[in-house]
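S.K.: Please see the structure below; I have some questions.
The values are calculated or read from the model by the stated rules, or taken from the named source; none is laboratory data. Source: prediction; values computed, not measured. For neighbour counting, all protein chains shown are included, and Cβ atoms are generated from backbone atoms with ideal geometry for every residue, glycine included. We work out accessible area using only protein heavy atoms, side chains counted, and drop any ligands, DNA or RNA first. Shrake-Rupley method; radii C 1.70, N 1.55, O 1.52, S 1.80 Å.
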Amino acid sequence: MKHYLPYLPASLVLLASTNAMAGQYDSMFSSGVERISTPDSTHDSISMQYKRQNRATGTNYGLRVEKHRFKNQQYRHTGRSVYLQGSTNITPNVQLSAGAGSMEIKRLGDHYAKKTFTPYHVGLQAQMGPRVQVGVRQERSPAYIRHSLNDKKGNILTEDMTTVEIKTKPMKRVRVNARHQNIRLSDGNRGRRNLVGAYYGITPNVWVGIEGTQKRYDRSNVGYSSPKNERGYAVTLDADMPISQNAKLNGSLKVGRSKEDGFPGQAKTLYASLGAEFAVGRNTTLSANVYHDETRYHGKRDRERGAMLNLTYRWG
């Protein structure tokens, strides 16, 4: 779970706040900070976003800006991006979303390098009756979100990904999800990821489940996680608990094992997150989230930790 940071000029903030129209439109402005760390790297980010929605039609559009700072044992990088996005309902049951922007990542110091590319996404989501939802999405993004900022040669990576997802609710307290992803990285490596999960609602706010995953890549040993064939399973727990009228907590826990072809034994996996949301005014909310993600294999531990703080103001 990795994200990016944004930079927003003061003139753009002023434009966003003065263009809001009362009536059928709702507007939102949010700003957040995030830090992701591993034993040998850190990623700090700042983001700002403006979004405007037509309540009558469901159509919305917005602008997101981010600024990043990456540091590991070899390199230091900075990054910034601007992204326009929107969505609209083609029919009452079909929604189309799209976005595009520009992102620049620079490597600082003696090994200076720069990569500029166009991130984008196009997605379609359809409600196939009261119990089935289907989604398709094509996107290009920086590879550090799911893989790594660099390959083992130090080249800055991007990735193209196609996702197909089906979510079903055959019974009131039962959900079944399936997802398939095809990935092509800018170094030519290709990957496929699959997930199938079944979940049971103990209460409307507490769900337990089991998930099975598979990851397959054409090439491994390329400087980032790309297993030839890895299969895993996990037991999950998700909960959402109101504390008061103006505050609530949410948490997630996954405990599992994974097995990669060509390696003896199994790895133990653990993911845990805790979040909170507070209403700090009539139109303002403050949210925070922390997570811990780790894998243990033959006495070695690979871990990632993250923390996020976000402030959102809505008006209309």
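S.K.: In whole percent, what relative contact order does the chain give with Cα contacts below 8 Å and a gap of six or more residues?
M.R.: Value for the chain: 13 percent.
S.K.: Could you work out how far apart the two model spin labels at residue 245 and residue 301 are, taking each label as a point 7 Å from the Cα in the direction of the beta carbon, and quote it in nm?
M.R.: 4.4
S.K.: What residue among 161, 103, 128 shows peak mean-square fluctuation when the chain is described by a Gaussian network model with Cα springs under 10 Å?
M.R.: Largest GNM mean-square fluctuation: 128.
S.K.: Return the FRET efficiency for the residue pair residue 284, residue 96: r is the Cβ-Cβ distance, R0 is 30 Å, and the value is rounded to the nearest 0.05.
M.R.: Taking R0 as 30 Å, the efficiency between residue 284 and residue 96 is 0.45.
S.K.: Taking only Cα atoms and a 10 Å spring cutoff, compute GNM fluctuations for the chain and point out the largest among 240, 40, 160.
M.R.: 40
S.K.: Can you give the extra length, in nm with one decimal, that the chain gains between residue 59 and residue 182 once fully stretched, where that is 0.36 nm per residue apart less the Cα-Cα distance?
M.R.: Difference between extended and current length: 41.4 nm.
S.K.: Related question: Suppose R0 equals 35 Å; then what is the FRET efficiency for residue 255 and residue 24 from their Cβ-Cβ distance, rounded to the nearest 0.05?
M.R.: E between residue 255 and residue 24, to the nearest 0.05, is 0.15.
S.K.: On a straight-distance basis, which aspartates and glutamates could pair with residue 67 in a cross-link, Cα separation under 19 angstrom, same-chain partners fewer than 8 positions away excluded?
M.R.: Candidates past the 8-residue exclusion: 34, 44, 104.
S.K.: Might you report the magnitude of the Cβ-based charge dipole of segment 215-316 about its Cα centre, with Lys and Arg at +1 and Asp and Glu at -1, to the nearest 20 debye?
M.R.: Taking the Cα centre of segment 215-316 as origin, the dipole is about 200 debye.
S.K.: Considering all alpha-carbon pairs of segment 156-236, what whole percent are spaced by more than 20 angstrom?
M.R.: Tail fraction, whole percent: 45.
S.K.: Same structure, new question: Counting only helical runs of four or more DSSP H residues, what would the 222 nm mean residue ellipticity of the chain come to if each run contributes -39,500 (n - 2.57) and the total is spread over all its residues?
M.R.: One gets -1000 deg cm²/dmol as the mean residue ellipticity at 222 nm.
S.K.: Say the dipole of the chain comes from +1 at the beta carbon of Lys and Arg and -1 at that of Asp and Glu; which of 186, 275, 299 then lies farthest toward its positive end?
M.R.: Among 186, 275, 299, the one farthest towards the positive end of the dipole of the chain is 299.
S.K.: Next up: Considering only protein heavy atoms and a 1.4 Å probe, what is the carbon-and-sulfur percentage of the accessible area of segment 56-177?
M.R.: Carbon plus sulfur share of accessible area: 53 percent.
S.K.: Stretched out fully, how many nm does the piece from residue 124 to residue 33 gain, at 0.36 nm a residue minus the Cα gap?
M.R.: 29.8 nm
S.K.: Right, here's the next one. So which residue, out of 223, 275, 129, gets the largest mean-square fluctuation from a GNM of the chain using Cα contacts under 10 Å as springs?
M.R.: 129
S.K.: OK, next. Which label marks the calculated value of P(r) over Cα pairs in 10 Å bins from 0, in percent, given the options (1) 6, 27, 36, 23, 7, 1; (2) 6, 26, 32, 23, 11, 3, 0; (3) 5, 20, 33, 29, 10, 1, 0?
M.R.: Checked against the structure: label (3).
S.K.: Give me the 1.4 Å probe accessible area per residue for the chain, excluding ligands and nucleic acids, in Å².
M.R.: Roughly 57 Å² per residue, with all protein chains present.
S.K.: Of 244, 263, 138, which is farthest along the charge dipole of the chain in the positive direction, counting Lys and Arg as +1 and Asp and Glu as -1 at C-beta?
M.R.: Positive-most Cα among the choices belongs to 263.
S.K.: Considering only 128, 97, 49, whose Cα is most displaced toward the positive end of the charge dipole of the chain, charges sitting on Cβ of Lys, Arg (+1) and Asp, Glu (-1)?
M.R.: 128
S.K.: Let me ask something else about it. Can you tell me the relative contact order of segment 35-94? Whole percent, Cα pairs under 8 Å, sequence separation 6 or more.
M.R.: 30
S.K.: Could you tally up the Lys pairs in segment 139-271 with alpha carbons closer than 29 Å? Skip any pair fewer than 8 positions apart unless they're on separate chains.
M.R.: 27
S.K.: Another question, if that's okay. Roughly how many debye, to the nearest 20, is the charge dipole of the chain about its Cα centre, given +1 on each Lys and Arg Cβ, -1 on each Asp and Glu Cβ, and no other charges?
M.R.: 380
S.K.: Also, I was wondering about something else. Between residue 292 and residue 145, what is the spin-label point distance in nm, taking each point 7 Å from the Cα along the Cα→C-beta axis?
M.R.: With each label placed 7 Å out from Cα toward Cβ, I get 2.8 nm.
S.K.: Given Cβ point charges of +1 (Lys, Arg) and -1 (Asp, Glu) and nothing else, what value in debye, to the nearest 20, does the dipole of segment 89-152 about its Cα centre take?
M.R.: Roughly 100 debye for segment 89-152.
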